[in-house]
Amino acid sequence: MLFFDPPVYALLNADAQTWPASIEAARLASAWLPGLAGGAMALALWRGTPALRRTLALLLLSMAAAWCVARLMRWGWPVPRPAQLDMGMQWIGHGTRAGFPSMHACGAFALAQALSLGCTRHRRILVWLAWGAALLVAWSRVHLGVHFPSDVLGGAIVGICCARAVWGLHYRLRGFSLGPA
């Protein structure tokens, strides 16, 4: 837990006086957005062009890399969740596994960063939607009491870095550059 976690967590975590629609929105974002993104990717893999399929393959590799890195971090550095420290209210059932980094945030931000790197300017709306969904998922995990803000921040950093690494390796192997040297 970092120095900013207690005050930011207290500000974002839902309590008994929180508007019920806010809690329901967080539950939906946490439970349904990852599945909707997966369904959209499956449909695009099935019906998409070869270029779109290549982009989605790199997107999935980015998410898989983020998942692996997050698992290794959780194994090597187990950080308790808020409920384990009797902080705030937890609005969804969750186990006692380590909370840093947030797996939901890792996947959501890896997806958003990979789309940013792979989409053409004609599909920028997808990029904006992906970043909005990633922020919504990150907020929902803190609002529902299953992660500290540093957990989702760490997940965002892992997801973004893994996506950049996967795309950077792809471009390097193809002889292109990801950005300025």
### Query
Among the residues of segment 12-28, is any open to solvent by 50 Å² or more (accessible area, probe 1.4 Å), of a type in the set (D, E, K, R) and over 17 Å from the mean Cα position of the chain (by Cα)?
yes
### Query
What are the residue pairs meeting all of these: first residue in segment 4-19, first residue in contact (Cβ under 8 Å) with a residue 24 or more places away in the chain, second residue surrounded by fewer than 16 Cβ atoms within 10 Å (Cβ to Cβ) and in a helix (DSSP H, G or I), Cβ atoms under 9 Å, and 6 or more apart or on different chains?
Ala14/Ser22
### Scan of segment 61-70 for residues that are under 17 Å from Arg97 (Cβ atoms) and touching a residue at least 12 places away in the same chain (Cβ under 8 Å), ordered by number
Ala66, Trp67, Val69, Ala70
### Filtered residue count, segment 123-138, keeping only those that are within 21 Å of Leu12 (Cα to Cα) and open to solvent by less than 20 Å² (accessible area, probe 1.4 Å)
3
### Options Ser22, Ser30: the member that is assigned to a helix (DSSP H, G or I), closer than 20 Å to Gly155 by Cα and not charged (D, E, K, R)
Ser30
### Task
Could you please let me know if Arg47 is open to solvent by 50 Å² or more (accessible area, probe 1.4 Å) and not hydrophobic (A, V, I, L, M, F, W, C)?
yes
### Query
So Gly145 fits all but one of (1) touching a helix residue (DSSP H, G or I) at 6+ places or on another chain (Cβ under 7 Å); (2) open to solvent by 20 Å² or more (accessible area, probe 1.4 Å); what number is the exception?
(2)
### Query
Quick one: which of Met63, Met41 is at pLDDT 90 or above, under 16 Å from the mean Cα position of the chain (by Cα) and surrounded by 15 or more Cβ atoms within 10 Å (Cβ to Cβ)?
Met63
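Just wondering, is there one or more residues in segment 67-78 that are outside any helix (DSSP H, G or I) and within 24 Å of Val8 (Cα to Cα)?
yes
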### Summary
Picking from Leu58, Leu45, the residue that is under 23 Å from Gly159 (Cα atoms) and either touching a residue at least 60 places away in the same chain (Cβ under 8 Å) or assigned to a loop (DSSP other than H, G, I, E, B) (or both) would be Leu58
### Tabulated pairs, segment 118-142, first at positive phi, second open to solvent by less than 80 Å² (accessible area, probe 1.4 Å) and assigned to a helix (DSSP H, G or I), C-beta under 7 angstrom, 6+ apart or interchain
none
### Summary
When every residue in segment 66-122 that is charged (D, E, K, R) and open to solvent by less than 70 Å² (accessible area, probe 1.4 Å) is compared, the one nearest to Leu135 (Cα to Cα) is Arg81
### Query
Taking Ala105, is it touching a Leu at 6+ places or on another chain (Cβ under 9 Å) and modelled with pLDDT of 85 or more?
yes
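The values are calculated or read from the model by the stated rules, or taken from the named source; none is laboratory data. Just so we're clear, the structure is a prediction, and the values are computed from it rather than from any experiment. Cβ coordinates were reconstructed from backbone atoms using ideal geometry, including for glycine residues, and neighbour counts include every protein chain displayed. Side chains included, ligands, DNA and RNA excluded: accessible areas come from the protein's heavy atoms. Shrake-Rupley method; radii C 1.70, N 1.55, O 1.52, S 1.80 Å.
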